[in-house]
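Shown next, in structure tokens, is the structure this report addresses.
The values are calculated or read from the model by the stated rules, or taken from the named source; none is laboratory data. Just so it is clear, the model here is predicted, and its values are computed rather than measured. In this analysis, Cβ positions are derived from the backbone assuming ideal geometry, glycine residues included, and neighbour counts consider all displayed protein chains. With ligands, DNA and RNA removed, areas are computed over all heavy atoms of the protein, side chains included. Shrake-Rupley method; radii C 1.70, N 1.55, O 1.52, S 1.80 Å.
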Amino acid sequence: MAIITLTRQSGSFGDEIGMLIARRLGYTFYDKKEIEKRIIAKGLPKEEFIKFDERKPRLLDRFTKNRDKYLNYLSMVILEIAQEGNCVIMGRGAFLFLNSLPNHITLRFVSTLKERLNHIKEITGITTDKVALKLIADSDKRQAQFYKSCFKYDLHNHDAIQATINTALVPPDMLSEMIVAGVKNNLSEQIENAGKKRVDELILAQQMTNKLIFEHGLHIDELWISVEDKKVLLNGLTSFHATVERAITILESEYAGYKVESKIKCVQDNRFSKA
């Protein structure tokens, strides 16, 4: 069982290659439509999904909890797909949610502007280079802004990508065969079992996050929880030490056997503390 995540420049044949990989491995291919369907089924309104999905949030949205809510829904859906296994996931920041999985393979597809331009014109029916170029430029900008705003990640540095492939140099059919062979030849039972354990821990961490933020309404900004071998580590920002103590109490009482440690920073507002 491998978990394959992909990102691509528009017009780089990324979706076509992803579907070929999934078909040859007998895996399920998850694109925007399938992820959107799962997120909306969990309760996020469609207009909220559209507002944040692979685009830069509007100015006002950055000062609300809506973006964090979207990311929590997105994270849970991506993790549940990974738990099901045997999947190829396109975009949506999936490679960042899953980067600690030992059975996770992440690739980025790029291409020359000429090839991208030709492919965009072919699949959209656009006849002029000017219109196609604008479509490509707008797509690249939205994608870069989404990763920067939601993940603080520069999509151009490829730090979290295992391989970046220029699809202009290898035909999609041949490229998919090469990737499938690599997956089959390098995935062991030991790696698969370690991956299953890790994804279970990631899902538990997301459930804990949702419990503190949505069920108990704790005000902890940028809350990030990690779980590993019955140890829970909390990170984030809050205004009161009592909020941290309450978070620890909630998790240790509701998740028996787990030891909770906090590295949440308390930034108290002392504006009204002067006599």
> What single numbered condition from (1) of a type in the set (A, V, I, L, M); (2) open to solvent by 30 Å² or more (accessible area, probe 1.4 Å); (3) over 21 Å from residue 16 (Cα atoms) fails to hold for residue 178?
Replying inline: (3)
> What is the residue count in region 4-24 for residues that are over 19 Å from residue 140 (Cβ atoms) and either open to solvent by 60 Å² or more (accessible area, probe 1.4 Å) or modelled with pLDDT under 95 (or both)?
Replying inline: 3
> Given the conditions (1) under 25 Å from the mean Cα position of the chain (by Cα); (2) closer than 22 Å to residue 25 by Cα; (3) in a helix (DSSP H, G or I), which single one is not true for residue 204?
Replying inline: (2)
> Of these, 154, 138, which one is surrounded by 11 or more Cβ atoms within 10 Å (Cβ to Cβ), in a helix (DSSP H, G or I) and either among the basic types (Lys, Arg) or within 22 Å of the chain's Cα centre (by Cα) (or both)?
Replying inline: 138
>> Considering only region 120-143, I want to know if a residue exists there that is among the polar types (S, T, N, Q) and in contact with a Pro (Cβ under 8 Å, 6 or more places away or on another chain).
In response: no
>> I'd like to check which helices (runs of 4 or more DSSP H) are fully inside region 46-104 and have at least 2 residues that are on the phi < 0 side of the Ramachandran plot, at pLDDT 90 or above and open to solvent by less than 60 Å² (accessible area, probe 1.4 Å).
In response: 66-84, 94-97
>> Quick check on my filter: what residues within region 181-201 are assigned to a helix (DSSP H, G or I) and surrounded by fewer than 12 Cβ atoms within 10 Å (Cβ to Cβ)?
In response: 181, 184, 185, 186, 189, 190
